[in-house]
Amino acid sequence: RAPLLDVADLSVKLQVGGTELHALEHVSFSLGYGEARGLVGESGSGKSLTLRALLGLLPPNATVTSGRMTFDGAEFDLAGTSRSKRRRLERLRGTGISMIFQEPSVALNPVIPVGEQIVDAVMRRDRMRRAEARDYAIHLMKLVGIHDAENKVDAYEFELSGGLKQRVMIAAAVASKPKLILCDEPTTALDVTVQQQILDVFTDLRDELDAGLLYVTHDLAVVSQLCDSVTVLYSGNVMESSADLRDMFDAPRHPYTEALLRSTPDVDRIGRRLYSIPGSAPSLDDRPRGCPFAPRCEYRHDDCEEARVPDKSTSSGREVHCLHQVQQGVSRVALTKEAR
Ligand code: ATP
Ligand code: MG
């Protein structure tokens, strides 16, 4: 079966002052029906821009310079700005694809009861009587863990806690029965207990809906809990991708992935000793020509800085943009010596 979503060669540039910044470079990944893929990267790596590009929701100073998307059998050219192209993408929103944003307040209307907003989302998809849609909205609110949904359905956004608002957002996002849900760090604004409850909601929804989930986060522990597959972004470039998350967590091949795992305390089996990656990510106007991670990489060779690194993986379902991949079992010290 062809994948639900296939994104190929997505590049986005930003116009800032007089300069052009290449915010995303040749980003590719795919997602099967019912699959959850984590899109992981540090702050500024391009996660939000990637999600927004898929729905034509980029900021006005951004341009998609290349990119193709196949969604549920239909092909979309993401590049360019023609109105008809934009309109095709816009039509996907709220029907085939739903997006859940980091900050629920910006997405909920303050003057309409939250239940009404879920009802509207339901009716966008299914022709049914309003009373029927309201019953379905209450069902969805219960599904996302709002136990007194009969009362909360008439509440306004400002009457709800952050965790409840995020649950309402999720209910509204799944109300239109999307085939794909895009999540942009939906739990970062919440405290840890509520975060865990929301993650449980996603896990339940995955079983119930068979929708694809593209889940953006900087938190590898969240990804390991929720996702089947994973794509690691660094400075607008895919470093490593794996169809099987465990494969990559057990044996990272890109030095950046390895460093990221070593610096994550919660992921089991890894990070016995907490590590901090030296240096900082390059700014967009000063990215090295070759591998963007090269200046911080312990395995760096001279050729790393020469040209863009193509996918060097030999196994299917894996994508590794590194010329000198981490070899499992070889001691770091020995390898570093050999490299010098
Ligand atoms: P975070 O984890 O902090 O949300 P992110 O991975 O979502 O980060 P993006 O928002 O996709 O990062 O931004 C990628 C890069 O592009 C960052 O360096 C950001 O500063 C820059 N950027 C994003 N939007 C704009 C804009 N409208 N104008 C200028 N620069 C932008
Ligand atoms: Mg972001």
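Residue 66: of a type outside the set (Phe, Trp, Tyr), more than 16 Å from ligand 1 (Cβ to nearest atom) and free of Cβ contacts under 8 Å to residues at least 60 places away in the same chain, yes or no? Here the answer is yes, as residue 66 does meet what is asked. Here 89, 108 are screened, and the one residue that is aliphatic (A, V, I, L, M), surrounded by 15 or more Cβ atoms within 10 Å (Cβ to Cβ), more than 22 Å from residue 201 (Cα to Cα) and away from ligand 1 (no atom under 16 Å from the Cβ) is 89.
Beta carbons closer than 7 Å, at least 6 apart along the sequence or on distinct chains, pair a first residue in segment 117-137 that is under 21 Å from residue 166 (Cβ atoms) with a second that is assigned to a helix (DSSP H, G or I) and among the aromatic types (Phe, Trp, Tyr) for 122/136. Screening segment 114-136 for residues that are within 16 Å of residue 157 (Cα to Cα) and surrounded by fewer than 19 Cβ atoms within 10 Å (Cβ to Cβ) and picking the one that is modelled with the highest pLDDT gives 116. Of all the criteria given as (1) in contact (Cβ under 8 Å) with a residue 60 or more places away in the chain; (2) on the phi > 0 side of the Ramachandran plot, the one not satisfied by residue 279 is (1).
Only residues that are away from ligand 1 (no atom under 12 Å from the Cβ), touching a residue at least 24 places away in the same chain (Cβ under 8 Å) and out of contact with any Leu (no Cβ under 6 Å at 6 or more places or on another chain) were counted in segment 11-29, giving 3. Counted as qualifying within segment 176-294 are the strands (runs of 3 or more DSSP E) with 3 or more residues that are hydrophobic (A, V, I, L, M, F, W, C) and farther than 25 Å from residue 147 by Cα, namely 229-234. Annotation note: of 210, 228, 191, 204, the sole residue that is touching a strand residue (DSSP E or B) at 6+ places or on another chain (Cβ under 7 Å) and surrounded by fewer than 20 Cβ atoms within 10 Å (Cβ to Cβ) is 228. Of all the numbered requirements in (1) of a type in the set (S, T, N, Q); (2) within 16 Å of ligand 1 (Cβ to nearest atom); (3) under 23 Å from residue 202 (Cβ atoms), residue 95 misses one, and that requirement is (2). Does residue 238 satisfy the criteria of being farther than 30 Å from residue 171 by Cβ, under 16 Å from the mean Cα position of the chain (by Cα) and of a type outside the set (D, E, K, R)? Judged against the criteria, residue 238 is a match. Just one of the numbered conditions (1) in a loop (DSSP other than H, G, I, E, B); (2) within 16 Å of ligand 2 (Cβ to nearest atom); (3) more than 23 Å from residue 309 (Cβ to Cβ); (4) within 16 Å of the chain's Cα centre (by Cα) is not true of residue 34: (2). Considering only residues in segment 145-195 that are within 16 Å of ligand 2 (Cβ to nearest atom) and hydroxyl-bearing (Ser, Thr, Tyr), the one that is nearest to residue 208 (Cα to Cα) turns out to be 187.
Residue count for segment 139-155 satisfying the condition of being over 28 Å from the mean Cα position of the chain (by Cα) and surrounded by 15 or more Cβ atoms within 10 Å (Cβ to Cβ): 4.
For segment 54-77, the count of residues that are within 22 Å of residue 240 (Cα to Cα) and within 16 Å of ligand 2 (Cβ to nearest atom) is at least one. The residue of segment 22-50 that is surrounded by the most Cβ atoms within 10 Å (Cβ to Cβ), among those that are over 19 Å from residue 242 (Cβ atoms) and out of contact with any Asp or Glu (no Cβ under 6 Å at 6 or more places or on another chain), is 24. Does residue 44 satisfy being without any contact (Cβ under 8 Å) to a residue 40 or more places away in the chain and either in a loop (DSSP other than H, G, I, E, B) or touching a Lys or Arg at 6+ places or on another chain (Cβ under 8 Å) (or both)? The answer is no for residue 44.
So, in segment 8-21, of the ones that are surrounded by fewer than 19 Cβ atoms within 10 Å (Cβ to Cβ) and among the polar types (S, T, N, Q), which residue ends up nearest to ligand 2 (Cβ to nearest atom)? The qualifying residue nearest to ligand 2 (Cβ to nearest atom) is 15.
The helices (runs of 4 or more DSSP H) falling completely within segment 49-137 that include 2 or more residues that are within 21 Å of the chain's Cα centre (by Cα) map to 83-92, 104-107.
The values are calculated or read from the model by the stated rules, or taken from the named source; none is laboratory data. Quick caveat: nothing in here was measured; it's all calculated off a predicted structure. Here Cβ is always computed from backbone atoms with ideal geometry, including for glycine, and neighbour counts include all displayed protein chains.
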